[in-house]
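Heads up, the thing below is written out as structure tokens.
Taken together, the values in this text are just the output of simple stated rules run on the coordinates, not laboratory data. Computed from a prediction, not measured in an experiment: that's the story for all the values here. Don't worry about glycine lacking a Cβ; one is built from the backbone with ideal geometry, like all the others, and counts go over all protein chains shown.
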Amino acid sequence: MKSIERFYLLRYIKSPKRMLMRFSFVFMVLGIVISVSILSAGLNLFEGYERALKTVLLDSFAHIKIESGNGRFLSREQLDRIMNTLGDKPEIVSLTPNIGINLMAIDSVNTRGCVFNAYHTAEGKELHYGKFVVEGRPQVNDGEVVIGHYLAEEFGLGIGDEISLLYPQLRRVTPLGVSSDIRRFEVVGLYRSGYYEFDRSLIIGTLTDARSILFTDDPFAAVEIKLDNEHVDKAKEIASRYRLELGADLIAYPPISGDLLRIVAMQKWLIFIVFSFLVLIAGINVISAVSTMILDKKNQIAILRTLGATAATVRRVINYQILLVCLIAIIIGQALGALLSLFVVKQGFYRLKGEVYFIDKLEHHISLFNLAAVFVVASILVIICVWIPSRQINRLKIIDLIRNP
Amino acid sequence: MILSAQNISKVYQDSHRSITVLDGADLQVKKGELISITGQSGCGKSTLLHILGLLDDSDTGTIEIEGVRVNSRHPDAPYIRNSKIGFVFQFHYLVEDLTAAENVALPLLIAGKKIAAARDESLQILARLGLEDRESHFPNQLSGGEQQRVAFGRALANKPSIVLADEPTGNLDPANSLEVWKLMRQLNEDLGQTFVVVTHDRELAKLADKSYELSGGKLTLL
């Protein structure tokens, strides 16, 4: 940077009131602040959504599920093999045999398809779903269930109430058709994971009740595995490895589809691109401000050119002034964007529709990467919008500037 | 010879007619001379000065500064304007947003001097011009005479070979006009500074070493 350019830049910084606060800058600054704050807020909210969804999915679902290859319950030999092979794997946090049954919750008005899950938790270990039980208790005895809080709301149930579960008994065919079995359970806990589908359809009961519903003595339908944080993103590869280790009659797979998270991430960057156009539109004000400034500063341009400054130097001197204002506006916009996204999260007027967005709570997250991305993209757009009109300085003739100040 | 202009002519065209303002003007300026050019309003005095200062082009003729043939489109024209030529205009053309010292420092900064060095030098120049207590004043806080002295300080900052002054007293009262001429004479005698001054005031013009009149597009030594 040349001395004269450095001098002006320092002068702008040292005397911002005199050098930077101009009426022609007001709408330019407002445009940048508003567009950058919307861009930042959008990105913060999407980042928060992506992270919240990932957390909820990883917390709610097993990271790896192992089932029998023939679609039936696990045999005792298969279960022992799973426990012996995987029991001492350091990456596994929990290894929970379970039974899952698709059935229906009914009352005189409502019918809802649900999943009845029963887990075997080793003695002395915490129930892995315990942290999601927000009311009542997580421990269930025979005849008791924990249900999702949306299901409880839909059926108007609270702790101590009874819920009726209907399961078609395919093995008991009568002359009138398939016989159905209705059982009543006492609700002892309400479950809220944040994952809408679970909160609306999950019922947790005992293994004895699950086997009783199914009329089976077989021990478990599947084994659910939770991995530690370090390995959770490699669930797919680890499942493939376990499959090889366990043998061909068992299948291991990650029940969470990575595609969902990839789609959410893609949506976030699509939003980023769309909102970046707002900054580009704000750039029109920048173009207008630069053009106005060149007209306002014709005298100064004439003086600098007469004193021997090249057109390029004069252009840079003018550009630095506008760019400095724009960069300050971008930073203010980012700060406002953070506040805006925080407000959206804290406000009580709007909630996400769980059936559409999987989770029903808005979250925001400010990441350094996103801050840098917004800053870089907005800065590049602003630099382009400053550079284009400032080229007219090259075409100004000194003599015209002196004769028509 | 500091400056040599040969056969300078300039014709302005408008839609209806062409106006010849310079028609083969010649001027030779030696080191240490104080030269004045007078003439009626619109006779082309300022045009001649702009051509001599490489701010405008002539239609014909040549200009040599310290023996080097140049014009406003010469690649070194900005460098020559910065280092060899000093300009003073009627309306002083100070940068309103900068202080007196910063205005004087501008040519030094354009020449590439460090900011602190340029500031020190500009303070010395202002002191020489009797403006040491005005260094942090903005142009609108200075009188007309003070503004013109700051403009002279800026013109002299890079110790140019020649100072071209276009009606430097045109905007001043008689007392201040005389002060400005005294200042030029003092700089001429103390520093050997060369001046070419355009003025419409014939009385003041007589204070120069040589006085030319521009008439009919030609320069005539009075």
Query - Out-of-range pairs (alpha-carbon distance over 25 Å; input A:Lys2/A:Lys297; A:Lys17/A:Lys346; A:Lys131/A:Lys353) - result: A:Lys17/A:Lys346
**Report entry** Inter-site label distance for A:Asp142 and A:Ala372 at 7 Å from Cα along Cβ, in nm
**Finding:** 6.0 nm
**Report entry** Using θ = phi - 60° and Karplus 6.51 cos²θ - 1.76 cosθ + 1.60, couplings along region A:106-111 (whole Hz; Gly, Pro as x)
**Finding:** 9, 9, 5, 10, 9, 9
**Report entry** Projected-area average for chain B over all orientations - Cα convex hull basis, square nanometres
**Finding:** 12.3 nm²
Report task. Give me A:Trp269, B:Trp181 ranked fewest to most by other Cβ atoms within 10 Å of their Cβ, as a rough exposure proxy. Result -> A:Trp269, B:Trp181
**Report entry** Sorted by Cβ neighbour density within 10 Å, fewest at the top, the residues A:Thr206, B:Thr194, A:Thr85
**Finding:** A:Thr85, A:Thr206, B:Thr194
Report task. With a cut-off of 16 Å, note down the residues of region B:56-74 whose backbone N falls inside the zone around a label point 7 Å from the Cα of B:Tyr12 toward its beta carbon. Result -> B:56-59
Report task. Per DSSP H run of at least 4 residues, take -39500 (n - 2.57); add these up for chain B, divide by its residues and hand me the 222 nm value, nearest 500 deg cm²/dmol. Result -> -10000 deg cm²/dmol
Query raised in the report: Considering every residue in B:76-82, what mean count of other chain Cβ atoms within 10 Å of its Cβ is obtained?
Result: 4
Query raised in the report: Of A:Phe116, A:Phe369, A:Phe155, how do they rank once you tally other Cβ atoms within 10 Å and put the fewest first?
Result: A:Phe369, A:Phe155, A:Phe116
Report summary line: On the formula 1/(1 + (r/R0)^6), with r taken between the Cβ atoms of A:Asn110 and A:Thr55 and R0 of 30 Å, the FRET efficiency rounded to 0.05 is 0.50
Report summary line: Quick calc, B:Lys114 & A:Lys353: beta-carbon distance into FRET formula, R0 41 Å, rounding 0.05, result 0.05
Query - Euclidean distance of C-alpha centroids, region B:145-222 and region A:181-214, integer Å - result: 101 Å
Report summary line: Whole-Å distance linking the alpha carbon centroid of region A:48-109 with that of region A:346-405 is 46 Å
Report task. Mind checking the full-extension length gain between A:Ile328 and A:Thr85? Use 0.36 nm per residue of separation minus the Cα-Cα distance, one decimal, nm. Result -> 81.5 nm
Report summary line: Under a Gaussian network model of chain A whose springs join Cα atoms within less than 10 Å, the largest fluctuation of A:Phe349, A:Phe27, A:Phe358 belongs to A:Phe349
Query raised in the report: Amide H to amide H under 5 Å from B:Gly86: which residues, 5+ apart in sequence or cross-chain, H placed 1.01 Å off N in plane?
Result: B:Ile162, B:Val163, B:Leu164
**Report entry** Overall Cα dimensions of region A:270-347, principal axis frame, Å, largest first
**Finding:** 58, 20, 18
**Report entry** Set of aspartates and glutamates near B:Lys31 by C-alpha distance (under 13 Å), chain-local residues within fewer than 8 positions excluded
**Finding:** B:Glu66, B:Glu189, B:Asp209
Report summary line: FRET efficiency for A:Asp181 and A:Trp269 from the Cβ-Cβ distance with R0 = 41 Å, rounded to 0.05, comes out at 0.25
Query raised in the report: Using Cα atoms only, what is the angle between the long axis of helix A:23-60 and the major principal axis of chain A, expressed in degrees (0 to 90) to the nearest 10?
Result: 20 degrees
Report task. Would you please give the residues with an amide H less than 5 Å from that of B:Lys218, counting only those at least 5 places away or on a separate chain, with H modeled from the backbone geometry? Result -> B:Asp23
Query - For chain A, the longest site-free run once GluC sites (Glu not before Pro) in DSSP loop states with at most 12 other Cβ atoms within 10 Å are removed - result: A:231-405
Report task. With 23 Å as the limit, write out which pairs from B:Lys30/B:Lys159; B:Lys114/B:Lys182; B:Lys113/B:Lys182; B:Lys84/B:Lys206; B:Lys45/B:Lys206 have Cα-Cα distances beyond it, or answer none. Result -> B:Lys114/B:Lys182; B:Lys113/B:Lys182; B:Lys84/B:Lys206
Query raised in the report: Can you give the mean number of other chain Cβ atoms that lie within 10 Å of the Cβ atoms in peptide A:308-318?
Result: 3
Requested in this report: Taking just the C-alpha trace of the protein assembly as shown, give me its Rg and Dmax in Å.
Outcome: 42.6, 136
**Report entry** A:Lys297 long-range amide H proximity, modeled H, under 5 Å
**Finding:** none
Query raised in the report: Hey, what do the phi angles of region A:316-326 turn into as Karplus ³J(HN,Hα) couplings, whole Hz, using 6.51/-1.76/1.60 and θ = phi - 60°, x for Gly and Pro?
Result: 5, 4, 5, 4, 4, 4, 5, 5, 4, 4, 5
Query raised in the report: Can you work out ³J(HN,Hα) from phi for every residue in region A:198-210, in order, using Karplus 6.51 cos²θ - 1.76 cosθ + 1.60 and θ = phi - 60°, giving whole Hz and x for Gly and Pro?
Result: 5, 5, 9, 9, 8, 10, 10, x, 8, 5, 4, 5, 4
**Report entry** Helix A:76-86 axis, angle to chain A major axis (alpha carbon atoms, nearest 10°)
**Finding:** 30 degrees
Query raised in the report: To the nearest 10 degrees, how steep is helix A:258-296 against the longest Cα principal axis of chain A, on a 0 to 90 scale?
Result: 10 degrees
Report summary line: Taking the convex hull of the alpha-carbon atoms of region A:62-255 and averaging its shadow over every direction gives an area in square nanometres of 11.8 nm²
Query - Exposed-loop-free span, longest in chain B, where trypsin sites (Lys or Arg not before Pro) count as exposed if DSSP calls them loop and at most 14 other C-beta atoms lie within 10 Å - result: B:115-205
Query - Within chain A, percent of DSSP bridges classed antiparallel, to nearest 5 - result: 85 percent
